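Here the structure comes first, spelled out in structure tokens, and everything after it is commentary.
Please treat every number below as a calculation from the coordinates, not as lab data. Only a predicted model underlies this, so the values are computations on that prediction, with no experimental measurement involved. For neighbour counting, all protein chains shown are included, and Cβ atoms are generated from backbone atoms with ideal geometry for every residue, glycine included.
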Amino acid sequence: MADSTGNAQEIMTAASRSLAHQRAGGRRLQPIGEGSRRMRRDFQLKKLRNIAYAAAGIFAFAVIAGIVIDGIGFTGIVLTVMALLAAGFIFGKFPRLKVPQRADLNKGDVRQMVARTELWLENQRPALPPPAITLVDQIGTQLDALGLQLETIDQAHPAAQETRKLVGEHLPEMVDAYRRIPASLRNEKRAGSSPDEQLVESLGKISHEIDHVTRQLAEGSLDDLAIRTRYLDYRYGESEQPVSENS
């Protein structure tokens, strides 16, 4: 009976992982934000560039060989085509997009850190419970909005420093701590809540804090816009006098 219970638990755990994996996009991970999408797009463009360089090199070699030996013949044409196909396959498949390591997330400027964290989070989704996956997708959208606000502020700005701690440290540390827990124990309640529930609660708090920082930064832009609008009203609003009926 003990073996049967253990097998049932393993089956439930595997099913839970499969569900999370499918909701995360199956084998093909879906971007959670524009930052990670941009990194993936830039990586694909580099791969296309490598394919183009390889194709140009193969063509150049075939032309030079044809000049030297007065034509490459049918065999040479076949070898050239095979070389082009091989180059397309190799450079199309390799190198693979390197997922940022946990220790590298908080490096570089804060906007790059946000994009790297998005890419890192995408690769954590298959190991997370479904409610957490929904929150990760929401956080990806929030990080996009935060990244736009961070473009115009100094790296030493308090909001930038707070973002580093929140996105570059607290968020990945919490996900790492969850993943270190054996899958069979993640649903077990301890002190009133399970690791799954604690993760979802913590992600919700981080989502709230990201929204708070974004709103703080946006308020500065809103205040600046309001000041400029009042100035324009003061500078030009008085000049448009209504036309008198007697004139």
For this session: Would you please classify the overall shape of segment 32-86 from the alpha carbon gyration tensor, given that a ≥ b ≥ c denote the square roots of the eigenvalues, rounded means a/c under 1.5, and beyond that prolate means a/b larger than b/c while oblate covers the rest?
Result: prolate
Exercise. Is segment 91-131 best put as rounded, prolate or oblate by its Cα gyration tensor, with a ≥ b ≥ c the root eigenvalues, rounded for a/c under 1.5, and otherwise prolate when a/b is larger than b/c, oblate when not?
Worked result: oblate
For this session: With a ≥ b ≥ c taken as the square roots of the eigenvalues of the C-alpha gyration tensor of segment 88-198, please select rounded if a/c is under 1.5 and otherwise prolate if a/b is larger than b/c or oblate if it is not?
Result: oblate
Exercise. In whole Å, how far is the Cα centre of segment 42-108 from that of segment 123-196?
Worked result: 38 Å
For this session: With the Cα gyration tensor of segment 47-130 in hand, convert its eigenvalues to equivalent ellipsoid semi-axes via √(5λ) and list them largest first in whole Å.
Result: 44, 15, 7
Exercise. Gain in length, PHE89 to MET174, computed as 0.36 nm per residue apart minus the alpha-carbon separation, to one decimal in nm?
Worked result: 26.7 nm
Problem set entry | Positive minus negative residues near GLN161 (Lys, Arg vs Asp, Glu; Cβ under 12 Å) | -1
Problem set entry | ALA103-THR134 FRET efficiency (beta carbon distance; Förster radius 45 Å; 0.05 resolution) | 0.95
Exercise. In nm, to one decimal, how far is the modelled label at VAL81 from the one at ALA183, with both set 7 Å along Cα→Cβ?
Worked result: 4.6 nm
